[in-house]
Amino acid sequence: MAKPVSITSSEQFFQLLTSTKILIADFYADWCQPCKVIAPVFEQLSTQLSRPNQMSFVKINVDEQQEISQAFGVTAMPTFLIFKDGDVVQTIQGANSRGLTDAVRKFAAGGEGGDTGAAAGGESSESGSNWLGAAVPKGYQDITDQVDLKGIDLLNCDNDIGPGKNIFERSQPSALKPKAKEESKPDWVESDTDEQLMLFMPFNASLKIHSLHITSLPPKDEDDEVPMRPKTIKLYTNRSHIIGFDEADDVQPTQEVTIEPRDWDAKTGTAKVDLRFVKFQRVASLVVYFVDGDGDGEKIRVDRIRLFGDSGEKMEMGKLEKFGEPGGE
C-alpha cells in the first residue's frame with residue numbers, strides 16, 4: 001500500500017506503465033480547484049489498493065508534463081485514465097468521487113494475478129521463420145506483423161535490386177547465410193540515384209512504437225559502388241501517404257536519429273533505434289527518411305526492419321486520414 005507516485009519524466013511514467021497490470025493516472029493542475037477537492041479521495045484509494053506490479057497510482061501535473069498530457073489527449077482537469085496492460089480502458093473527467101471510486105474498485109477486484117505485460121525479449125534468433133537481429137526490448141513485443149505490406153511505398157528505391165517488402169521478410173537475411181545457402185535473388189533494398197531513401201509504412205492497427213531494429217549488411221569490398229549503412233534517419237508519424245524529399249527537409253520530424261558505427265551489432269549487422277515513446281503513441285503510419293549513409297558511397301542498403309512496442313485497436317478504412325495530417329507528430 002502506498003501513496004500516489006508523482007511523475008517527473010516521461011521515461012518514469014512509461015516504465016511504470018509497462019511494469020504494472022493496472023495503472024490509474026490523475027492528470028491535474030496546481031491552479032485547478034476541482035483537482036484539489038478530489039485529491040484526498042485519489043490518495044486514499046492509492047493507500048488502500050496499490051499493489052506492486054499489479055495496481056499503481058500516479059499523479060501527473062499537466063503543466064510540467066505536457067508531452068504525456070498531449071500523448072493521451074488530456075485537455076480537461078482533473079482527468080483520470082485507467083490503464084490495463086498499457087492501454088487506456090476507462091476515462092473519468094471532473095471531480096466525480098463516486099465514479100472514480102467505483103471504477104477503481106472494480107478493476108481492483110478483477111485485477112489479481114496475470115502477467116504484467118509482454119515477456120522480456122529472448123536471445124536474438126539467427127535462423128527460422130521469425131528472424132530477429134537483436135533481443136526484443138523488455139516489456140514489449142515484435143509488432144512488425146502489423147505493417148500493411150500492400151500499402152508500403154518507397155522513393156528512390158532501386159527496383160532492380162528488389163521490392164520494398166523485402167525488408168519486412170521474417171527470414172534471416174541472405175547475407176548472413178553460408179555462401180551455399182544464399183538466395184538467388186536479393187532480399188534487401190538499396191537506394192537508386194543517391195544515398196537518400198524514403199519509406200512509408202501504414203499499419204493494420206494503432207501502434208505504440210518503442211523502438212526500431214534496422215539491419216544493414218553491405219559487402220565488405222573496398223569499392224565506391226558498395227552501398228553504405230544508414231546514418232541519419234528522420235521519422236514522421238501519421239501521414240496518409242509518402243512524402244517527398246523536399247517536403248521532408250522542410251517539415252519538423254517527430255524524431256531524428258543518428259546511428260553511430262558502434263551501434264551496429266558485429267554479428268547480425270543490426271542497430272537498435274530507441275524512440276521517444278511518448279511521441280509514438282497511437283501511430284497509424286510511419287515514414288522513415290534515410291537521409292544519408294555512413295561513408296563516401298552513393299547508395300545505402302537496408303536488409304531488414306523490425307518494429308517493437310504494443311498494438312492497439314485495428315485500423316478501419318478511412319481512419320488513417322483522421323489520425324494526424326499534416327503534422328509530423
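Miscellaneous remarks
- Gly162 being in contact with a strand residue (DSSP E or B) (Cβ under 8 Å, 6 or more places away or on another chain), at pLDDT below 90 and either part of a loop (DSSP other than H, G, I, E, B) or not aliphatic (A, V, I, L, M) (or both): yes
- Only a single criterion out of (1) of a type in the set (A, V, I, L, M, F, W, C); (2) surrounded by fewer than 21 Cβ atoms within 10 Å (Cβ to Cβ); (3) closer than 22 Å to Lys150 by Cα is not satisfied by Ala266, namely (3).
- Checking Tyr28 against (1) of a type outside the set (S, T, N, Q); (2) modelled with pLDDT of 90 or more; (3) surrounded by fewer than 17 Cβ atoms within 10 Å (Cβ to Cβ), the condition it does not meet: (3)
- Odd one out for Glu43 among (1) closer than 28 Å to Lys138 by Cα; (2) out of contact with any strand residue (DSSP E or B) (no Cβ under 7 Å at 6 or more places or on another chain): (1)
- Residue list for region 47-68, filter: in contact with a Phe, Trp or Tyr (Cβ under 6 Å, 6 or more places away or on another chain) and of a type in the set (Ser, Thr, Tyr): Ser50
- When region 61-95 is filtered for residues that are aliphatic (A, V, I, L, M) and either in a strand (DSSP E or B) or in contact (Cβ under 8 Å) with a residue 24 or more places away in the chain (or both), the ones remaining, listed by number, are Val62, Ile68, Ala71, Val74, Met77, Leu81, Ile82, Val88, Val89, Ile92, Ala95.
- Out of Phe277, Phe323, Phe290, sole residue that is out of contact with any Phe, Trp or Tyr (no Cβ under 6 Å at 6 or more places or on another chain), of a type outside the set (A, V, I, L, M) and modelled with pLDDT under 95: Phe323
- Subset of region 274-283 [surrounded by fewer than 23 Cβ atoms within 10 Å (Cβ to Cβ) and part of a strand (DSSP E or B)]: Asp274
- Residues that are surrounded by 24 or more Cβ atoms within 10 Å (Cβ to Cβ) and small (Gly, Ala, Ser) within region 299-313 comprise just one, Gly309.
Per-residue answers, yes or no, for (1) part of a strand (DSSP E or B); (2) within 17 Å of Phe107 (Cα to Cα); (3) of a type in the set (Val, Ile, Thr); (4) in contact (Cβ under 8 Å) with a residue 12 or more places away in the chain:
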{"position": "Phe27", "(1), (2), (3), (4)": "yes, no, no, yes"}
{"position": "Pro40", "(1), (2), (3), (4)": "no, no, no, no"}
{"position": "Gln44", "(1), (2), (3), (4)": "no, yes, no, no"}
{"position": "Phe57", "(1), (2), (3), (4)": "yes, yes, no, yes"}
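- Checking each residue in region 154-169 for being touching a residue at least 12 places away in the same chain (Cβ under 8 Å), loosely packed, with under 15 Cβ neighbours inside 10 Å and of a type in the set (Asp, Glu) picks out no residue at all.
- Qualifying residues in region 5-20 (those that are among the hydrophobic types (A, V, I, L, M, F, W, C) and assigned to a helix (DSSP H, G or I)) - the one surrounded by the fewest Cβ atoms within 10 Å (Cβ to Cβ): Leu16
The values are calculated or read from the model by the stated rules, or taken from the named source; none is laboratory data. Note that this is a predicted model, so its numbers are computed, not measured. Reconstructed Cβ throughout: ideal geometry from the backbone, glycine too, with neighbour counts over all protein chains shown.
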